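The values are calculated or read from the model by the stated rules, or taken from the named source; none is laboratory data. Note that the structure is predicted; figures quoted are calculated from it, not measured. Here the Cβ positions follow ideal geometry from the backbone for every residue, glycine too, while neighbour counts run over all protein chains shown. Surface areas here come from the heavy atoms of the whole protein model, side chains and all, with no ligands, DNA or RNA. Shrake-Rupley method; radii C 1.70, N 1.55, O 1.52, S 1.80 Å.
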Amino acid sequence: MHWPRGVEATADFEAAAAYASTGDGHLFVTGKAGTGKSTLLRALRDEDAQEMVVLAPTGLAAVQVGGQTIHSFFGLPPRLIKAEDIRPSRRLGLMRKLKTLVIDEVSMVRSDLMDGIDKMLRLNRKRPNDPFGGVRLVMFGDLHQLPPVIAEPELQSYLAERFGGPFFFDAPAFRETDTKRIELERVFRQKDARFLSALNSIREGTPGPDDLALLNERVSPLESLPRREDYVILTPTNQVAQEINMAFLKSLTGKTALHEALVTGSYADSAQPTDVVLTLKVGAKVILIRNDPEKRWVNGTLAKISRLEDDRVFVEIDGEEHEVEPEVWEAIRYDYDAKEDRIVETLAGSFRQLPLRLAWALTIHKAQGMTVDRCLTLGTDDLYREAGYVALSRGRTANVLYAVGGHGVDDDLTHAPQRDASDPIDLVRDAFGRQACTQLAIEKAVPDHDWGIGATERRRLLVEIEALDGAPQPSRDGDFGIGLGT
């Protein structure tokens, strides 16, 4: 394996690369935040691109890893996958040339979508008896960070009944094949041993008194924080982030400058890394969202707008002024070159914009993958249940501050989903290819709460589920030694 310049290849990296190139089964690479999963994925992609495609469940994730979305590659609709969605592809040459399928952020892939991938590959590669049509899967993700999106209780119940659970590894094909799991152990982002230990316990849903005490030392009501403008506020929703940013921007004097992106071809809104129209003022706090080739900043560096001259934008970083120039993000599409008999990447669309965004507030989703040393999280039950670990792990040390409205994080974190030995999030450790989890496990993994679903959407989903009730159900013979028999 030839490692790119600047990549520190750990023993786990070497093991994953070796198995990806010579192993027989599928590979699942996981690890805590900051362990280099994306770095490893890019290195593997660059090593063998002619018979490999890289996919991701969302547009932005696909652009960030230089791949395509799962739905666009397979032509699957962005909803519950049904039997009639599995059909012959117009890209048979591509499907049959495919040797390795890399999926990033696989923890977000629902079981019905993974089952659709399996069936599409079996059909279009004319290998109906081989899981995934004989294609090897190399999957990256952390089941403790980004779970599948399940907004409706009916969908949750259906996935539990049909597949045994909502997670990608609940797809029946995994019971017919072997999958090796490699966990990246070395954390590059955090060096503070005590803070890292606290983060790990939160990730696993088992924070102890010492862990909570460390974090609660950093609790402070928002209004009492000194120099609040120095911190990035992490929030679960786009609306809150937008309102905070606009309020701070409005408080600045001076003229407003608008910088509009140039969008070409087919480039999805969901893949846009920053605003189509950036609204800036001198003094505005921004975050750089791409590594600078000249190493003046990295993805996640905070800066302040220092000058705005016509179409030119200058930022101040650590007392030095730099001009920021537009960058281009490309959306690719995989095709088959029959003449060369290989898989090729073609440009589907592009997004040209300044590599920055307003940064008084960011959504936790937008901050994923970044290192933000001075951040503040607005503590809510939803944040800590669903994204507390992702938010807190953005910082290198325990100097991450967060406001929780007058109470400590113990009230929120101890109500997070517990990752005990019978939880599907941990079952993957010991029994990856086993029978799907039962309804009991799903109830433990996804706490009941108000899902906020409208009556129309509920009826639509029920119609879809009722239409699928006649489909063959997964076998429930035995519990594969995991203590979850029906």
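Key figures for this structure:
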read-out	value
Neighbour net charge for P172 - beta-carbon separation under 9 angstrom, K R +1, D E -1	-3
Inter-label distance for T10 and E294, nm, one decimal - labels placed 7 Å from Cα along Cα-to-Cβ	3.3 nm
Proximal lysines relative to K32, as straight alpha-carbon distance under 27 Å, when same-chain residues fewer than 8 apart are discounted	K180, K191, K295, K366, K444
Per residue accessible area in Å² of the stretch 1-121, where ligands, DNA and RNA are left out and the probe is 1.4 Å	38 Å²
Exposure rank, largest accessible area first [H26, H365; 1.4 Å]	H365, H26
Cα gyration tensor category, rounded, prolate or oblate, for the stretch 107-188 with a/c compared to 1.5	oblate
Projected label distance in nm at K250 and E325, using a 7 Å step from Cα toward the beta-carbon	3.7 nm
Additional length obtainable on full extension of the chain from E47 to R194, 0.36 nm per residue less Cα span	49.2 nm
Cα centroid separation - the stretch 23-49 against the stretch 297-359, whole Å	24 Å
Positive-pole candidate from G93, H71, L113, dipole of the stretch 1-139, charges at beta carbon	G93
Förster-model FRET efficiency, 30 Å R0, V277 and R79, C-beta, rounded to 0.05	0.50
Accessible-area order (highest first, 1.4 angstrom probe) of the listed residues S157, S251, S89	S251, S157, S89
FRET efficiency estimate (nearest 0.05) - Cβ-Cβ, D335 to E260, R0 41 angstrom	0.85
Gain upon complete extension [S38, S21; 0.36 nm per residue less C-alpha separation]	4.3 nm
N216-E183 FRET efficiency (beta carbon distance; Förster radius 30 Å; 0.05 resolution)	0.55
Nearby lysines by direct alpha-carbon distance to K339 (threshold 17 angstrom, same-chain neighbours under 8 apart not counted)	K97
Positive minus negative residues near E260 (Lys, Arg vs Asp, Glu; Cβ under 11 Å)	-1
